[in-house]
Amino acid sequence: MKVCRCGPGINLASAFYFLFSIMTKDYEGDPLEQFADEAHRIRDAIGPYILDVEHVGSTSIPGLAAKPIIDIQVVVADFSQLAQCIPAMQQLGYRYKGLYGIVGREYFKRPLYHVHMVQKGNGEYTRKKLFLQYLRDHPDVLDEYAKLKKQNSILAYNADKTDFIMGVLRKAGWDVDGRKSDYLEH
């Protein structure tokens with residue numbers, strides 16, 4: 001039987017363990033400061049084409065275990081200026097990945113940073129803001145999410161994460177089909 005190798009001397013089981021151990025660590029450094037620095041660089045590069053730069057993902061919530069990745073949401077009015085943004089982001093060291101599996105989002109990544117470019121008000125934009133705000137407003141739900149992130153298996157975490165997020169969005173009044181919620185207007 002052949003063993004899948006992920007690199008010199010690393011088998012698939014070791015790679016999953018490594019990735020999971022990274023995912024569940026308490027974030028080292030100051031992700032809020034790292035976000036602020038990177039947001040400044042992004043605004044300098046593509047500021048005329050964007051409406052806002054927001055810190056999203058687990059590192060945007062102090063104390064929540066997270067991968068060593070700063071997720072950044074760049075908000076645009078529409079994607080008509082995307083052609084100008086791509087080379088500017090590449091000058092900052094980002095690789096442009098296109099939709100990368102999520103309709104309504106343009107994705108860029110470089111070590112330690114993932115940028116999700118979305119149109120203001122679209123489903124992806126609203127979903128992220130709603131989920132994070134609900135976690136901030138409900139410490140009990142945030143604690144549940146923190147426990148989920150520290151499961152013993154990356155496979156169990158991945159299987160449960162989508163259901164958890166959808167459950168939180170439903171609690172916040174998210175109409176999955178219509179992608180609406182009044183929660184953010186409180």
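The values are calculated or read from the model by the stated rules, or taken from the named source; none is laboratory data. Every value quoted in this text rests on a predicted model; they were computed, and no experiment measured them. Positions of Cβ are generated from backbone atoms using ideal geometry, with glycine treated the same way; all protein chains shown enter the neighbour counts.
Could you pull out the residue among Leu169, Leu130, Leu148 that is aliphatic (A, V, I, L, M), at pLDDT below 95, touching a Ser or Thr at 6+ places or on another chain (Cβ under 7 Å) and not in a loop (DSSP other than H, G, I, E, B)?
Just one listed residue meets the conditions, Leu130.
Inside the stretch 58-74, can you point out the residues that are in a loop (DSSP other than H, G, I, E, B), within 11 Å of the chain's Cα centre (by Cα) and among the hydrophobic types (A, V, I, L, M, F, W, C)?
Ala66, Ile69
Can you report the number of residues in the stretch 35-53 which are in contact with a helix residue (DSSP H, G or I) (Cβ under 8 Å, 6 or more places away or on another chain) and either of a type in the set (A, V, I, L, M) or modelled with pLDDT under 95 (or both)?
Residues flagged as in contact with a helix residue (DSSP H, G or I) (Cβ under 8 Å, 6 or more places away or on another chain) and either of a type in the set (A, V, I, L, M) or modelled with pLDDT under 95 (or both) within the stretch 35-53 amount to 5.
Return yes or no: is Arg110 basic (Lys, Arg), surrounded by fewer than 19 Cβ atoms within 10 Å (Cβ to Cβ) and in contact (Cβ under 8 Å) with a residue 12 or more places away in the chain?
So Arg110 fits the description; yes.
For the stretch 31-53, which positions are within 18 Å of the chain's Cα centre (by Cα), charged (D, E, K, R) and surrounded by fewer than 19 Cβ atoms within 10 Å (Cβ to Cβ)?
Listed by number, the residues that qualify are Glu33, Asp37, Asp52.
What number goes with the only condition from (1) in contact (Cβ under 8 Å) with a residue 40 or more places away in the chain; (2) under 19 Å from Met117 (Cβ atoms); (3) among the small types (Gly, Ala, Ser) that Ala65 does not pass?
(2)
Quick check on Leu99: is it under 16 Å from the mean Cα position of the chain (by Cα), over 27 Å from Arg136 (Cβ atoms) and of a type outside the set (Val, Ile, Thr)?
So Leu99 fits the description; yes.
What are the residues in the stretch 81-107 that are in contact (Cβ under 8 Å) with a residue 12 or more places away in the chain, within 11 Å of Ala45 (Cβ to Cβ) and exposed (fewer than 14 other Cβ atoms within 10 Å of the Cβ), if any?
Across the stretch 81-107, the qualifying residues are Gln84, Gln91, Gly93.
To keep it simple, each residue is scored yes or no on (1) closer than 22 Å to Lys149 by Cβ; (2) modelled with pLDDT under 95.
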{"site": "His55", "(1), (2)": "yes, no"}
{"site": "Ala66", "(1), (2)": "yes, yes"}
{"site": "Val74", "(1), (2)": "no, no"}
{"site": "Asp78", "(1), (2)": "no, yes"}
{"site": "Cys85", "(1), (2)": "no, no"}
{"site": "Gly104", "(1), (2)": "no, yes"}
{"site": "Met117", "(1), (2)": "no, no"}
{"site": "Leu135", "(1), (2)": "yes, no"}
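What about Gln91, is it of a type outside the set (A, V, I, L, M, F, W, C), at pLDDT 95 or above and under 21 Å from Leu51 (Cα atoms)?
Considered against the rule, which asks whether it is of a type outside the set (A, V, I, L, M, F, W, C), at pLDDT 95 or above and under 21 Å from Leu51 (Cα atoms), Gln91 comes out as yes.
Exactly one condition in (1) surrounded by 18 or more Cβ atoms within 10 Å (Cβ to Cβ); (2) modelled with pLDDT of 95 or more; (3) among the hydroxyl-bearing types (Ser, Thr, Tyr) is not met by Tyr125; state its number.
It is condition (2) that Tyr125 fails.
Mind listing just one residue for me: the one in the stretch 151-166 that is out of contact with any Phe, Trp or Tyr (no Cβ under 8 Å at 6 or more places or on another chain) and polar (S, T, N, Q) and, of those, modelled with the lowest pLDDT?
Asn152
Of all residues being surrounded by fewer than 13 Cβ atoms within 10 Å (Cβ to Cβ) and among the small types (Gly, Ala, Ser) in the stretch 15-30, which is modelled with the highest pLDDT? Just the residue, please.
It comes out as Gly29.
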